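Remarks on the structure that follows.
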């Protein structure tokens, strides 16, 4: 009775909230003996815990009036100053000021803020297929209409996008497209990188039809071999692109620091949305990150992280060659980031396979989780960042056993 009454009183947004499959699977991954390729959690052995601990002691003892107090919604001025230097070193972006930055509680809050200030039931939002689950969940709450663009080995299918935009324009609905969302570099979940040619073509289309681009780039600094192409933001500037970034992958997710880089008019609206959500993000963690950037060379630190993840990627791919390729599996080979996208023959359903995977104590994220309105998928996302390198082959071997058992049960 109480449950029924409670559900009757939920708002439309409350009824539309979706659980994150990744969060749900994490509880299973905590079972002793489990091997998880599910979440995108960084390897804790890469965290600069000693350095952060020393900085934390200093700023808590000497700067407690700031670090333990409310701070301006816009964020810590010292962190913003250091981040501007980082933008220059990573992207070659120099045309921004502190007024173009909003520090957020992780990049997930940044996505939520953009959904709140741009999307409603009459909106179209264009996303890649597959696309980042966290972004889809954030956008779902505003009830937009999703337009999905297939993902190719070198990024979004620009020809398909152009066809869609032309059709919307002919129907007089192009103004309903609020933005194109893309993770162009080491994409989550697919691991692919958009080519420079496609980035330029995307900018041309966005300018032709006067559409914003939201460029989400958590992984661009985590390249293994070649430096990624110029960011879309650098190609088009703040008049056309909103750039999202985070410290979760390059420093530590526990700091919960994200950032929106955009035109001042957008930042002003985003600040108001953030004020109603949490007033401000933590001054303690922001000052901690700022002082780390000031005292240490982040790029030297990143060299070690890249080496760790490159080795893990190679170990995973070698194991897949042995245990998964015999069953028709194909996969991407990311040049950086944290994820490999694997595809099995079409008769497989990786969501159904999860029940067997739980029994074998190996975990992944089914491809369906990253797609809009898809009934089933033979794809899955594997993350190589968290498990120790020594157990990655065993996890892939178990995944091979999952495939064998699924084939037996389905008579494949």
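Among the residues making up the range 159-182, those that are within 21 Å of residue 136 (Cβ to Cβ) and part of a helix (DSSP H, G or I) are 160, 161, 164, 165, 168, 176. Summed over the range 332-348, the residues that are outside any loop (DSSP other than H, G, I, E, B) and surrounded by 21 or more Cβ atoms within 10 Å (Cβ to Cβ) give a count of 5. Summed over the range 199-235, the residues that are in a helix (DSSP H, G or I) and either buried (at least 21 other Cβ atoms within 10 Å of the Cβ) or at positive phi (or both) give a count of 5.
Residue 174 falls short on exactly one of the conditions (1) closer than 20 Å to residue 340 by Cα; (2) in contact (Cβ under 8 Å) with a residue 12 or more places away in the chain; (3) surrounded by fewer than 19 Cβ atoms within 10 Å (Cβ to Cβ), and that condition is (1).
A Cβ distance below 6 Å, combined with a sequence gap of six or more or placement on separate chains, defines the contacts here; from the range 327-356, residues that are assigned by TED's automatic domain parsing to the domain that holds residue 130 reach no residue that is outside any loop (DSSP other than H, G, I, E, B).
The values are calculated or read from the model by the stated rules, or taken from the named source; none is laboratory data. Being a predicted model, the structure only gives us computed values, none of them experimental. Methodologically, a virtual Cβ is constructed for each residue, glycine included, from the backbone with ideal geometry; neighbour enumeration extends over all protein chains shown.
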